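Scroll down for the structure; my scribbles are underneath it.
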Amino acid sequence: MPIIVNLDVMMAKRKMSLNELSEKVDLTLANLSILKTGKAKAIRFSTLEAICKALDCQPADLLEYKKK
């Protein structure tokens, strides 16, 4: 998939663990893990908004498009 999810990069920059982010955005560890590993097929805008708020970042910091 040409959409790259950089959630792990932003979490490292903010020194935030998956457990901490899970609590802040009220998502299960399993769902965040799927998103973090790039295996997610979709993301709700409300989820993206919550993650951006928790990590104090923009959607473009989390999602990247790369041509194949």
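The values are calculated or read from the model by the stated rules, or taken from the named source; none is laboratory data. Quantities reported herein were computed from a predicted structural model and do not represent experimental measurements. Glycine gets a Cβ as well: all are built from the backbone with ideal geometry, and neighbour counts include every protein chain shown. All accessible areas refer to the heavy atoms of the entire protein, side chains included, with ligands and DNA or RNA removed. Shrake-Rupley method; radii C 1.70, N 1.55, O 1.52, S 1.80 Å.
Picking from LYS13, LYS36, which residue would you name as being surrounded by 12 or more Cβ atoms within 10 Å (Cβ to Cβ) and in contact with a helix residue (DSSP H, G or I) (Cβ under 6 Å, 6 or more places away or on another chain)? Steps first, please.
Numbers: LYS13 fails: in contact with a helix residue (DSSP H, G or I) (Cβ under 6 Å, 6 or more places away or on another chain).
Step by step, each of LYS13, LYS36 is checked, and only LYS36 is surrounded by 12 or more Cβ atoms within 10 Å (Cβ to Cβ) and in contact with a helix residue (DSSP H, G or I) (Cβ under 6 Å, 6 or more places away or on another chain).
Across region 44-59, the number of residues qualifying as charged (D, E, K, R) and assigned to a loop (DSSP other than H, G, I, E, B) comes to 2. The residue pairs whose first member lies in region 1-23 and is over 18 Å from GLU49 (Cα atoms), whose second member is among the polar types (S, T, N, Q) and open to solvent by 80 Å² or more (accessible area, probe 1.4 Å), and whose beta carbons are closer than 9 Å, counting only pairs six or more residues apart or on different chains, do not exist in this structure. Among the residues of region 50-68, which ones are open to solvent by 60 Å² or more (accessible area, probe 1.4 Å) and more than 10 Å from the chain's Cα centre (by Cα)? Result: LYS53, ASP56, GLN58, ALA60, GLU64, TYR65, LYS66, LYS67, LYS68.
Using the structure shown, decide if ASP8 is touching a Lys or Arg at 6+ places or on another chain (Cβ under 6 Å), surrounded by 13 or more Cβ atoms within 10 Å (Cβ to Cβ) and not hydrophobic (A, V, I, L, M, F, W, C). Can you show your working first?
Working: touching a Lys or Arg at 6+ places or on another chain (Cβ under 6 Å): yes; surrounded by 13 or more Cβ atoms within 10 Å (Cβ to Cβ): yes; not hydrophobic (A, V, I, L, M, F, W, C): yes.
Taking the combined requirement at face value, the residue satisfies it.
Can you confirm whether region 47-60 contains a residue that is in contact with a helix residue (DSSP H, G or I) (Cβ under 7 Å, 6 or more places away or on another chain) and of a type in the set (Lys, Arg)? Looking for residues that are in contact with a helix residue (DSSP H, G or I) (Cβ under 7 Å, 6 or more places away or on another chain) and of a type in the set (Lys, Arg), one finds none in region 47-60, hence no.
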